[in-house]
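Comments concern the structure below.
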Amino acid sequence: MQTLALQLTTTFVDDAIELMKGFGRTILSLAMAPIERMARACDVAGVLEQRRADRRAKRPAAQRGGRCKSRNCRWSPFGGLSELT
């Protein structure tokens, strides 16, 4: 009985964490949407789309390791703007 209660508790906590992550992503995407639209409108030569495609391409495991810089970090709210510079 104790393991079932522990399992239910950890499952609930994991679900609550994922729910908060989802809300965070939604709020972040709503806040960044106007900036993203302006960046796409100003991208006449298609540089942003090419850089995004390059970033999505498979990379060797050696390049993925290590710490990320503040602008290139996955969790940075301004990470999507790094390709503008």
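β-branched (Val, Ile, Thr), under 17 Å from the mean Cα position of the chain (by Cα) and open to solvent by less than 70 Å² (accessible area, probe 1.4 Å): does that describe Ile35? Please lay out each step first, then the result.
Working: β-branched (Val, Ile, Thr): yes; under 17 Å from the mean Cα position of the chain (by Cα): yes; open to solvent by less than 70 Å² (accessible area, probe 1.4 Å): yes.
Yes: the conditions hold for Ile35.
Here Ala5, Ala41 are screened, and the one residue that is loosely packed, with under 10 Cβ neighbours inside 10 Å, in a helix (DSSP H, G or I), modelled with pLDDT of 80 or more and more than 13 Å from the chain's Cα centre (by Cα) is Ala41.
The values are calculated or read from the model by the stated rules, or taken from the named source; none is laboratory data. Since the model is a prediction, treat every value here as computed from it, not as a measurement. All Cβ positions, glycine included, derive from the backbone under ideal geometry; neighbour counts span all protein chains shown. These accessible areas exclude ligands, DNA and RNA; they are computed on the full protein's heavy atoms, side chains included. Shrake-Rupley method; radii C 1.70, N 1.55, O 1.52, S 1.80 Å.
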